[in-house]
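The values are calculated or read from the model by the stated rules, or taken from the named source; none is laboratory data. Keep in mind that this is a model prediction, so the values were computed, not measured. Every residue, glycine among them, receives a Cβ derived from its backbone with ideal geometry; neighbour counts consider all protein chains shown.
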Amino acid sequence: MEQLTGKVVIITGAGSGIGKAAAAGFVQRGARVVLVGRRKAVLDEVVAELREQGGEAWAYAADIASKTEVNALVAWTLSKLGEVDILVNNAGSASKTLNARWIEEEEWDQVQDVNMKAVFLLTQALLPSMLARKNGTIITVSSLAALRPNLLGGAAYGAAKAAVRNFMTYLHNTFRNDGIRSTCILPGETNTPIMDNRANPPLQSIRDHMVQPEDVADAILLCASLPMRTVIEELIVAPTFLRDVSGDLEISRWKNAPAECKAERFNHN
């Protein structure tokens, strides 16, 4: 494994869940980490915890679906810490309406912006400096929903996660000989705050059997710390236990359905 000491890392969605766990893992290995999210107060709390443990970490609040704000983030990082070695695209967002029949265009676009557009913007902003040095690692947390889309994550989420998986494969095929490593990690159900927004939020007893944030963080650290001669192109991290989700799927089917569809729902059941 390569040492991560002194490496500059940007992690999005770093205020909680997988991003927070990954940030802790990187600073423990000596990396200098910029934690990115929308809620500055939350990021500041995480950074304070990491610094108390002797880590080097900074908080930066930004809307990563905005090109202007992404460019400002990258410029700030370059001026403050120097060249970025590792980008971890972890921020994610799912829609509240899960059925493609009911979801509004605005909600669909919001999910695509966070899960796909933001990854593109951050990658595009960092590629010039990475290509100039012929060295850089881009790790994106997609989802098993990219391969097995259903009503749990919803139509918009599955489509966005499939798109970002495709984009990471494009980066790998296009820039691997320029020293750029591109990795896509596809977690199955993971016990993160996004579960609270499910149509039928899982009980704690169910969440205990899911993949945990630190499990995905370990996978991210593995991909980042392998020698530069080696890349993990794609990695699935799934729960060992396969649970029955049939009831959850049915609830998800009708979440936010129009009132006039109540009769249809009754007949469907």
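Selection of the range 95-148 for residues being among the hydroxyl-bearing types (Ser, Thr, Tyr) and either surrounded by fewer than 18 Cβ atoms within 10 Å (Cβ to Cβ) or in contact with a Lys or Arg (Cβ under 9 Å, 6 or more places away or on another chain) (or both) yields THR97, SER129, THR137, THR140, SER142, SER143. Restricting attention to the range 228-252, the residues that are more than 25 Å from THR97 (Cα to Cα), exposed (fewer than 12 other Cβ atoms within 10 Å of the Cβ) and either of a type in the set (A, V, I, L, M) or within 23 Å of the chain's Cα centre (by Cα) (or both) total 3. Annotation note: Cβ proximity below 7 Å between a residue of the range 30-42 that is in a helix (DSSP H, G or I) and a residue that is surrounded by 24 or more Cβ atoms within 10 Å (Cβ to Cβ) (sequence gap 6+ or interchain) occurs for VAL42/GLY15.
The set of residues from the range 1-29 being polar (S, T, N, Q), more than 13 Å from GLY55 (Cβ to Cβ) and part of a loop (DSSP other than H, G, I, E, B) comprises GLN3, SER16. The sole residue among GLY247, GLY154 that is modelled with pLDDT of 95 or more and of a type outside the set (Val, Ile, Thr) is GLY154. Kindly indicate whether any position in the range 43-53 is in contact with a Gly (Cβ under 9 Å, 6 or more places away or on another chain), of a type outside the set (D, E, K, R), buried (at least 22 other Cβ atoms within 10 Å of the Cβ) and over 22 Å from MET195 (Cα atoms). Yes; the residues of the range 43-53 include at least one that is in contact with a Gly (Cβ under 9 Å, 6 or more places away or on another chain), of a type outside the set (D, E, K, R), buried (at least 22 other Cβ atoms within 10 Å of the Cβ) and over 22 Å from MET195 (Cα atoms). Contact map, the range 115-132: first residue free of Cβ contacts under 8 Å to residues at least 12 places away in the same chain, second residue buried (at least 21 other Cβ atoms within 10 Å of the Cβ), Cβ cut-off under 9 Å, separation 6 or more or different chains; pairs are GLN124/VAL70.
For the range 63-94, filtered to residues that are out of contact with any Phe, Trp or Tyr (no Cβ under 7 Å at 6 or more places or on another chain), among the hydrophobic types (A, V, I, L, M, F, W, C) and part of a loop (DSSP other than H, G, I, E, B), the residue that is surrounded by the fewest Cβ atoms within 10 Å (Cβ to Cβ) is LEU81.
Within the set LEU226, LEU186, the sole residue that is closer than 22 Å to ALA146 by Cβ and among the aliphatic types (A, V, I, L, M) turns out to be LEU186. Note on the range 140-168: residues that are over 17 Å from VAL211 (Cβ atoms) and in a helix (DSSP H, G or I) total 12.
Against the test of being under 23 Å from LEU122 (Cα atoms) and crowded, with 17+ Cβ neighbours inside 10 Å, the options ALA199, ALA156 yield a single qualifying residue, ALA156.
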